[in-house]
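The values are calculated or read from the model by the stated rules, or taken from the named source; none is laboratory data. What you see is a predicted model; the values in this text were computed from it and never measured. Note that each Cβ is placed from the backbone with ideal geometry, even for glycine, and that neighbours are counted across all protein chains shown. Each accessible area value is taken on the protein alone, full model and side chains, heavy atoms only, with ligands, DNA and RNA left out. Shrake-Rupley method; radii C 1.70, N 1.55, O 1.52, S 1.80 Å.
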Amino acid sequence: MKTNFKIFFLFPFYFLLIGLNKSFGQDLHFSQFFNNPLLTNPANTGFIPDADYRLGASYRNQYSNIMSVPYKTMSIYGDAQVFRDRIETGWMGLGGVILRDVAGSGSLTSTKIYGSIAYHQMLGESSLLTAGFNVGWANKRIDQSKLTFPDQFDGQFFDATLPTSVQLLNNSVSYFDMQVGINYAYFPTQDIYINAGYSIHHVNRPKETFFGDGNASRLDMRHIGFINGIIKVNSQVIINPAAFYTRMATSSELTAGMSAAYNLSGHGAKQVIGGLFYRYNDAIIPMIGLEINHMRFTFSYDVTTSSLKNYNHSFGADEFNLLYKGYYNTFNGNRQQTLCPVF
């Protein structure tokens with residue numbers, strides 16, 4: 001019991017070390033990756049098969065039952081299709097996203113603001129190729145007065161009054177960041193839509209450290225690939241299989257699953273949503289939701305399946321997403337209004 005208690009007690013500090021040394025960790029992420037398109041791939045900017053513009057917000061609360069200050073991640077984004085009346089077989093996408101995360105007793109806070117642009121080109125009548133990029137500003141800061149370190153452990157507890165050899169020269173660091181990506185979509189019939197994409201994040205490999213320039217470490221490039229489909233089974237059911245893979249340095253993540261929307265009204269104005277996803281060697285992720293008049297709300301929960309379940313009792317993270325899709329008053333352009341199955 002004594003050994004287990006120490007592991008549990010040291011658990012928050014372990015995650016703090018990951019945050020301080022991001023070159024060996026992963027970026028912030030959401031289980032509902034499909035509801036955070038601009039964070040997944042900048043080529044998704046204006047890539048809206050069933051609408052003209054969209055606005056979204058997400059909130060994720062993680063490890064609330066094992067950390068005194070859990071991970072809290074929030075994002076807000078918006079994007080739209082533009083210049084459809086000026087480009088005969090394509091259009092541009094413009095958008096932006098704000099991402100904020102607070103983690104651990106040291107209040108490790110990340111704030112990122114990006115602007116995105118993409119170009120979408122039709123290839124015949126049934127496929128689409130997209131390329132895009134985003135640029136932005138990122139900041140991380142920490143409150144060192146709230147931290148304790150391994151050399152302040154007296155054998156039973158951490159004592160903040162004990163001296164420590166760890167000295168942070170900076171409590172805040174800011175840098176320029178850039179991402180690039182491509183997408184391809186294929187829609188052979190009105191009832192089938194498939195698309196896949198690949199993106200590289202931190203292309204410029206910015207420096208990120210709290211220990212001064214002498215020990216500066218550069219962020220590793222993060223690679224993300226995804227594939228998803230929209231398949232209309234009948235007038236009442238549309239299914240959405242999806243898979244997501246990312247790798248950054250030695251860390252990787254694979255998530256796959258499927259969701260389905262059931263039509264509750266004649267024209268799809270009301271839909272009930274359910275889904276199930278699995279993050280390899282980490283968690284099962286059930287999802288439920290409701291859509292009313294283009295406003296979609298979804299909730300998911302990470303049920304931990306890794307060895308961490310011995311400490312968090314399988315209570316991983318809860319995640320909320322709000323998404324609104326809309327249409328312009330008039331349709332400018334000569335392509336189809338909708339490129340994917342709808343009710």
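Can you give the FRET efficiency for residue 272 and residue 144, using 1/(1 + (r/R0)^6), R0 = 45 Å, r = Cβ-Cβ distance, to the nearest 0.05? Mind showing how you got there, number by number?
Details: r = 48 Å, r/R0 = 1.07.
Result of the calculation: an efficiency of 0.40.
Residue 233 to residue 153: FRET efficiency via 1/(1 + (r/R0)^6), r the Cβ-Cβ distance, R0 45 Å, to the nearest 0.05?
Calculated transfer efficiency: 0.20.
Under a crude label model (7 Å from the Cα following the beta-carbon direction), how far is residue 251 from residue 203 in nanometres?
Those two pseudo-labels are separated by 2.3 nm.
So for the pair residue 172, residue 295, with labels modelled 7 Å out along Cα→Cβ, what separation do we get in nm?
In this crude label model, residue 172 to residue 295 measures out at 3.6 nm.
Just the accessible area for residue 55, please: 1.4 Å probe, Å², rounded to the nearest 10?
100 Å²
Which entries of 72/112; 72/309; 72/325; 72/140; 232/270 show an alpha-carbon separation above 24 angstrom in the structure shown? Please list the in-between numbers first.
On the way: 72/112 14 Å; 72/309 20 Å; 72/325 26 Å; 72/140 14 Å; 232/270 16 Å.
The pairs that break the limit, which is 24 Å between Cα atoms, are 72/325.
How large is ³J(HN,Hα) for each residue in the range 236-249, as worked out from phi by the Karplus curve 6.51 cos²θ - 1.76 cosθ + 1.60 (θ = phi - 60°), to whole Hz, x for Gly and Pro?
Once rounded to whole Hz, the list reads 10, 10, 10, 10, 10, x, 7, 9, 9, 9, 9, 9, 9, 6.
Extending each Cα 7 Å along its Cβ direction at residue 318 and residue 129, get the distance between those two points in nm, one decimal.
For the pair residue 318/residue 129, the computed spacing is 4.6 nm.
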